[in-house]
Amino acid sequence: MPLPYTNIRTIIYGHLEGGNTWSVGLTANPSGAGTQADLQEYADNVADIVADWGEVVTGGLRALLGGSDGIDGVTCYWAQMNDESTLAAAGVFAPVAGSSTSQMPSQIAVVVSTHTGFLGRKNNGRMYLPCTSPTINTGQLSSAQTTAIANAAADALSAIFGVTYSGFPAPLVVGQNGNPLTTLSVDSVLDTQRRRRNQTAALYKPTVVISPD
């Protein structure tokens with residue numbers, strides 16, 4: 001759906017064990033127009049930040065993923081307000097493999113809530129980061145785990161917030177109203193993202209006849 005403000009939509013994406021995929025999105029609101037070359041420069045700068053986010057040892061994207069999972073790339077789309085036509089550019093970096101051992105199914109995600117300081121769903125958002133590696137002992141992530149994830153995400157989004165587009169500020173915004181991102185929080189309760197299954201066929205699906213005794 002087109003947004004009522006000029007925007008750059010950034011998609012960070014990767015793969016998960018068993019043919020599954022994941023992606024999360026961010027939206028920026030540049031204060032000026034640019035060219036395809038400007039968008040490519042923006043995408044490359046964001047990709048560098050995402051690659052660094054991936055390398056964070058505690059709480060970074062790489063630490064949340066098992067060795068068969070990974071971060072594959074970044075694609076950015078630019079659109080005028082209320083316009084579905086876009087420019088597109090891919091930020092290129094060497095795929096980053098997960099650094100941990102998978103403990104969870106591929107559809108498990110940790111929820112990063114993004115806030116603007118305004119109430120209502122139109123002013124706040126969520127990112128579902130892939131989360132296949134953490135060990136949990138109480139049914140939830142620990143305080144130390146959620147804090148590490150939140151700090152790593154905040155460092156990355158703060159850096160992306162500062163990336164300019166054609167020399168113009170391009171702050172990260174949230175929701176239909178396009179208010180600037182101010183804070184984020186991480187929920188200790190893990191969630192699921194079934195769409196990450198990517199139509200992967202089940203290896204096993206036994207069917208057993210029910211017979212009255």
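The values are calculated or read from the model by the stated rules, or taken from the named source; none is laboratory data. Here the structure is a predicted model, which means the values were calculated and not measured. Counting neighbours? That spans all protein chains shown, and the Cβs are built from the backbone with ideal geometry, glycine included.
Tabulated results
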quantity	calculated
Test: residue in the range 35-56 that is part of a strand (DSSP E or B) and crowded, with 22+ Cβ neighbours inside 10 Å	no
Of all residues making up the range 1-15, the number that are over 17 Å from Ala89 (Cβ atoms) and either assigned to a helix (DSSP H, G or I) or at pLDDT below 90 (or both)	5
Failed criterion for Ser166 (all others in (1) closer than 22 Å to Ala43 by Cα; (2) surrounded by 19 or more Cβ atoms within 10 Å (Cβ to Cβ); (3) not acidic (Asp, Glu) hold)	(2)
In the range 97-140, the residues that are modelled with pLDDT under 85 and in a strand (DSSP E or B)	Ala97, Ser100
When residues of the range 87-103 are limited to those that are surrounded by fewer than 16 Cβ atoms within 10 Å (Cβ to Cβ) and among the polar types (S, T, N, Q), the one nearest to Thr35 (Cα to Cα)	Thr101
The range 57-81, residues that are crowded, with 20+ Cβ neighbours inside 10 Å and either touching a Ser or Thr at 6+ places or on another chain (Cβ under 9 Å) or of a type in the set (Asp, Glu) (or both)	Gly59, Gly60, Arg62, Ala63, Leu64, Leu65, Gly66, Asp69, Val74, Cys76, Trp78
Residue in the range 74-87 that is modelled with the lowest pLDDT, counting only those that are farther than 24 Å from Leu61 by Cα and not polar (S, T, N, Q)	Glu84
Set Val186, Val110, Val208: member being hydrophobic (A, V, I, L, M, F, W, C), more than 21 Å from Ala28 (Cβ to Cβ) and surrounded by fewer than 19 Cβ atoms within 10 Å (Cβ to Cβ)	Val208
